[in-house]
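The values are calculated or read from the model by the stated rules, or taken from the named source; none is laboratory data. Small disclaimer: the values here were computed from a predicted structure and weren't measured. These area figures cover heavy atoms from the full protein model, side chains too; ligands, DNA and RNA do not enter into them. Shrake-Rupley method; radii C 1.70, N 1.55, O 1.52, S 1.80 Å.
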Amino acid sequence: MSALIAEQQTYPLPLQLDVRPLTPVIGAEIHGVDLRKPLAPATVQAIEQTLLQWKVIFFREQDISNEQLLTFGRTFGPLTPAHPIALGLPEHPEIWERKAAEYKENHRSDLSIPTAKPPRDYKGWHIDITFVANPNRYSILRGVEIPPYGGDTLWSNLECAYDGLSPTIKALVDGLQAVHRTSSYDSGEPRPGRKAAGPFAALHPLVRVHPRTGRKSLFVNPGTTSHIVGLRERESQALLDMLADEVTRPEYAVRFRWTPNAIAVWDNQATAHAGPIDYAHFDLPRVVRRITVAGELPQGPDGFRSRPLEDELFGVLG
């Protein structure tokens, strides 16, 4: 049943949107908005406030061009290049295209290269590009070629993950920092105006305060968080394992069944995600295109701001 945005959240809105929540804590579909057309400022404000409330929002049946996708993204702020490591489309360097076959290829190549094992059982959960000091604010993903089944994506509410901790653990993690890094990453091609990509490393607070809402969230990226500063290795590992389990608890998550021309927008400051979660089990084509809105340096409850350790900040094109 449809629920109106004014009935679902505490933020004051200038208008009502047709918002249909998918779980009690994360995820909602927005209906009745045509992203092919220019959006009024009041509509953009209402969409963004809905995003802040539900963490990830979805639009169905949005048959938009690359140019219209970029226009929609820019309503939330400046766009970044496609990725710190990979290049975007030649005609649109802000757009990162991913195909399901690439996940299988990367997985096979990873198995053939002797590397240190990841800090935890990763399973695909991650926050976008936290190996830079200023990860993107929002991510926007459009389904271009979608299989009739398979290829779903999961999102988790990192504010719920923090809220579920005991007061004692909250007091501990509020003042800690962790290193997020990639391995020696190099696409082999220089990025526009920059050297070849990677490796990257950044120092982040373990708990992040949202710059818009002031809410705290666990800032733990199961894919790239290597260790907590100031703890012994076994202490760091044990605490990160526990926090990673909190981040990926099913009661904090929503699972999205993609359809052609569906669009997902998520708050990268308050969510982790995993997808396509079942790529290893299907051989059907799946193509998606992503753009990201530039972010700022995360800040912890104690005022600590993230800083780069290797490489530089993630810039804005143009």
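Measuring with a 1.4 angstrom probe and ignoring ligands and nucleic acids, Lys37 comes out at about 130 Å² accessible. The separation of the stretch 257-287 from the stretch 223-254, counted between C-alpha centres, amounts to 23 Å.
Across the stretch 227-234, computed HN-Hα scalar couplings (Karplus, 6.51 cos²θ - 1.76 cosθ + 1.60, θ = phi - 60°) run 6, 9, 5, x, 10, 5, 4, 5 Hz from first to last residue, x flagging Gly and Pro. Going by a ≥ b ≥ c, the root eigenvalues of the Cα gyration tensor, does the stretch 205-311 fall in the rounded group (a/c under 1.5), the prolate group (a/b larger than b/c) or the oblate group? Prolate, since a/c reaches 1.5 and a/b exceeds b/c.
Surface calculation, 1.4 Å probe, protein heavy atoms: Phe58 sits at approximately 0 Å² accessible. Rounded to the nearest 10 square angstrom, Glu312 shows an accessible area of 90 square angstrom against a 1.4 Å probe.
Stretching the chain fully between Arg74 and Arg36 yields a gain of 12.3 nm (0.36 nm per residue, less the alpha carbon separation).
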